[in-house]
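Below is one structure, written out as structure tokens, with a few remarks after it.
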Amino acid sequence: YSIRINYNNFVRKDLVNFDIENTDNAIAEYCKGDYINIHSIETFTVFPDCGYVWNLYLLECYVAYYSKEFRLLHFRFNKDTVSGAIVKKASRFVDYVDLLVEILAKANIELNANEALDYLQQEGYIGHRRKNILTKYSLLEKAEALKK
């Protein structure tokens, strides 16, 4: 029923006027491969006016609910921060766990819990360092297998 327009505020969906084609084109300027972390978009000067100032919170809602070319992959919406990946709908990634496995396998880090959590948080893929995401989804084991 609502869209988060910044850290503190939500508005009714009908109060935001997204230009979907041009907004997707703006995202495509950043997303040259299959995916990017949402924090890769640091400036919104090429984004068309939607009635509100563009920021990561508004972008998160746009990609999650309106984009025709991209989807948002993340574990969940977070009260305190924006995290996750913007993924081309045409890509092979439909599951966030599979994407995180590839990200960890390609990362130039040692595959242990501390380095993996640090990397995923610093890159904006997760909002909080919780070891249970590594064990619950066997991320390190799957990334190690993919790496080999």
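The values are calculated or read from the model by the stated rules, or taken from the named source; none is laboratory data. If you're wondering where the values come from, they're calculated on a predicted model, not measured in any experiment. Don't worry about glycine lacking a Cβ; one is built from the backbone with ideal geometry, like all the others, and counts go over all protein chains shown. Surface areas here come from the heavy atoms of the whole protein model, side chains and all, with no ligands, DNA or RNA. Shrake-Rupley method; radii C 1.70, N 1.55, O 1.52, S 1.80 Å.
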Next item on the list: Run the accessible area of the chain with a 1.4 Å probe and give the carbon-and-sulfur part as a rounded percent.
Entry: 46 percent
Notebook entry, point to check: Exactly which GluC sites (Glu not before Pro) in the range 1-64 are in a DSSP loop and have at most 12 other Cβ atoms within 10 Å?
Noted result: Glu42
Check: For the chain, modelled as a GNM with alpha-carbon contacts under 10 angstrom, which of Gly51, Gly127, Gly84 fluctuates the most?
Finding: Gly51
Notebook entry, point to check: What whole-number value in Å² describes the accessible area per residue of the chain for a 1.4 Å probe?
Noted result: 56 Å²
Checklist line | Sparse-neighbourhood loop sites, chymotrypsin sites (Phe, Trp or Tyr not before Pro) in the range 1-108 - DSSP loop, at most 11 other Cβ within 10 angstrom | finding: Tyr1
Check: Of Ile20, Ile38, Ile126, which has the largest mean-square fluctuation in a 10 Å C-alpha GNM of the chain?
Finding: Ile20
Item checked: Gap separating the Cα centres of the range 36-65 and the range 83-99, nearest whole Å -> 17 Å
Checklist line | At most 10 other Cβ within 10 Å, DSSP loop - GluC sites (Glu not before Pro), the range 85-122 | finding: Glu110
Item checked: Charge dipole (the range 6-47, unit charges on Cβ, about Cα centre) - positive-most of Phe47, Val11, Asn22 -> Val11
Next item on the list: Considering the options Leu58, Ile36, Leu100, tell which one lies farthest towards the positive end of the dipole of the range 22-106, charges being +1 on Lys and Arg and -1 on Asp and Glu at the Cβ, about the Cα centre.
Entry: Leu100
Checklist line | Helix-only mean residue ellipticity at 222 nm for the chain, each DSSP H run of n ≥ 4 adding -39500 (n - 2.57), per residue, nearest 500 | finding: -11000 deg cm²/dmol
Checklist line | Tail fraction, Cα-Cα pairs, the chain, threshold 25 Å, whole percent | finding: 30 percent
Notebook entry, point to check: Charges only on Cβ, +1 for Lys and Arg, -1 for Asp and Glu: so what's the dipole of the chain about the Cα centre, in debye to the nearest 20?
Noted result: 520 debye
Notebook entry, point to check: What number, in percent, do you get for the relative contact order of the range 11-114 if the mean sequence gap of Cα pairs under 8 Å and at least 6 apart is divided by its residue count?
Noted result: 26 percent
Margin query: Calculate the FRET efficiency for Phe10 and Thr43 from the Cβ-Cβ distance with a Förster distance of 25 Å, rounded to the nearest 0.05.
Written below: 0.60
